[in-house]
Amino acid sequence: MWTFFHKLGSPPYFYRIAGRLIPWLGWVCAGLLVAGLYGGLVLAPPDYQQGDSYRIIFIHVPSAWMSLFIYVLMAVSGAVGLIWRIKVAEAIAAASAPVGAWFTFLALITGSLWGKPMWGTYWVWDARLTSELILLFLYLGVIGLHSAIEDRRTASRATAVLSLVGLVNIPIIHFSVEWWNTLHQGATVTKIGAPSIDLSMLLPLLIMALGFKLYYFMVLLMRSRVEVLERERGSVWVREVVQTG
Amino acid sequence: MRAFVAVTRRDLLLAVRRRSEIANPLLFMLIVISLFPLGISPAPETLRLIAPGIIWVVALLSVLLTLESMFRADFDDGSLEQMLVSPHPLALLVTAKIAAHWLVTGLPLLLVSPLLGALTHLNAATTVVLAASLALGTPVLSFVGAIGVALTVGLRRGGALLSLLVLPLYIPTLIFGANAVSAVMDGLPYHGQLMMLGAFLLFSLALAPLAAAAALRISMN
Amino acid sequence: MGGYGVYVWSAYAIWLAVMIINVVQPAIKSRGTLKRLARSINQRAKQT
């Protein structure tokens, strides 16, 4: 087990394994997403309160879960890269930030499209949407810092510190926003996230969530393969990879 | 400890020599605050409703304006590199710089808070809580801001990036700081909010210098 | 979609677009990187 992880830390091995994994992840993920969409859009009955508008849940909630999950993974792999100087971990952290930002964006957009029929407006300063917006700012800060520093390794190390600071702050920000939101209640009717959910709705939701996760791993591997190539550009194995095609 | 005092004293001396650096953020704050009655309404009840929020937001912005100067001069003349190789723990020296930064920016802000309160029709009791919230909250801004400055110190276009990095992290302080003031105006308990600010202060005192020191080492190599 | 079609379908359309962008973009980038690296390696081979 440990030797496997150890090997995975070596860029050529990672590049090869990732290249082999990507198609598998792609097919399984596509299958899960199609199944989830069929279950969510066709099989699941309309909600008795929200009608069909709740069907946005099948992309909204997994996006929101992914946005947080990716941030944690980005910060952890950043820390691994910072402490043990593992290049693959640095590449994974660098590849995670844009994907995480996209999922945060999706959570916001789908949340606001769900909010329009439910609340009558596209945007409500609801605790979850506000936290998600701040998370988007945190992602944009990480991406901005990474692109502002020329040297990739310095950029990775600086970004790792920033994302760890962000990780420590996320619970504090979340708590503050929740507290702030309870003070200004009235405008918010939290309909997102029903307390009890029927199995016919829960099952597609979980399938979609799993599909999202595999999708993320696939995109992550694709992006970090490119990162690893760029970072190792002078080495022998990259030359071999490039010449053999 | 001696190194701590020496760094703080040196920064204070430098700041006193360039007095405009202390005065400018204060003037910025006064001017921006006086824009709100002109832009929204001079009616006392309106002002009282928005005063806690605008005073705190403007305080955030004026601290943000001054953040860049925290390590800038030391970076330019090379004394920052001296600090990195000095035998004293870097986190301690960074704390000294943060303390000096607060004494130059946060403390004056605290001292003009009665004036800000008067401009926005806050009564005496509210002004006291405003000052208390600023006293507890502005050091947090300096501490957290130091991490952002340390990360961007070597960059040419660091200014706009710095606000992107730092402002989201300022949100909890803004929420509790502004709310302490509006709570006392509504006759509600405000000690909880001040205690939260105190907790943030202790937390950032413990962790921010370490993070800022690590960030400095990364951006200086 | 019981009158909610506009919202549901536009949400799904945006989602699908983002999912496709995120797969296509690294694929294009990886092809470009491979080409660029091949060119620089060939150049270096010629110089020596």
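The values are calculated or read from the model by the stated rules, or taken from the named source; none is laboratory data. Given the structure is predicted, the values throughout are model-derived calculations rather than measurements. Every residue, glycine among them, receives a Cβ derived from its backbone with ideal geometry; neighbour counts consider all protein chains shown.
Identify the residue in the range A:105-146 that is assigned to a helix (DSSP H, G or I) and among the charged types (D, E, K, R) and, among all such residues, is farthest from the other protein chains (Cβ to nearest Cβ).
Top of the filtered list is A:Arg128.
Considering only residues that are modelled with pLDDT under 90 and buried (at least 19 other Cβ atoms within 10 Å of the Cβ), look in the range A:149-194 and name the one that is nearest to the other protein chains (Cβ to nearest Cβ).
Once the filter is applied, the top-ranked residue is A:Trp180.
Just give me the residues in the range A:202-231 being charged (D, E, K, R), more than 30 Å from A:Ile59 (Cα to Cα) and within 10 Å of chain C (Cβ to nearest Cβ), in sequence order.
Residue satisfying the conditions is A:Glu230 alone.
What number of residues within the range C:1-34 are more than 7 Å from chain A (Cβ to nearest Cβ), modelled with pLDDT of 90 or more and within 16 Å of A:Gly51 (Cβ to Cβ)?
Here the count works out to 1.
Which ones in the range B:156-167 are in contact (Cβ under 8 Å) with a residue 24 or more places away in the chain and either facing another protein chain (nearest Cβ under 7 Å) or under 15 Å from the mean Cα position of the chain (by Cα) (or both)?
B:Leu162, B:Ser163, B:Val166, B:Leu167
Is it the case that the range B:114-123 has a residue that's of a type in the set (Gly, Ala, Ser) and surrounded by 24 or more Cβ atoms within 10 Å (Cβ to Cβ)?
Within the range B:114-123, not a single residue is of a type in the set (Gly, Ala, Ser) and surrounded by 24 or more Cβ atoms within 10 Å (Cβ to Cβ).
If I filter the range A:195-217 for residues that are surrounded by fewer than 16 Cβ atoms within 10 Å (Cβ to Cβ), at pLDDT below 95 and β-branched (Val, Ile, Thr), do I get at least one hit?
So far as the range A:195-217 goes, yes, one or more of its residues are surrounded by fewer than 16 Cβ atoms within 10 Å (Cβ to Cβ), at pLDDT below 95 and β-branched (Val, Ile, Thr).
Looking at B:Leu92, B:Leu110, which is the one that is assigned to a helix (DSSP H, G or I) and without any contact (Cβ under 8 Å) to a residue 40 or more places away in the chain?
B:Leu110
Within the range C:11-22, does at least one residue satisfy the condition of being over 30 Å from A:Asp47 (Cα atoms) and either crowded, with 16+ Cβ neighbours inside 10 Å or in contact with a Pro (Cβ under 6 Å, 6 or more places away or on another chain) (or both)?
The answer is yes, given that some residue of the range C:11-22 is over 30 Å from A:Asp47 (Cα atoms) and either crowded, with 16+ Cβ neighbours inside 10 Å or in contact with a Pro (Cβ under 6 Å, 6 or more places away or on another chain) (or both).
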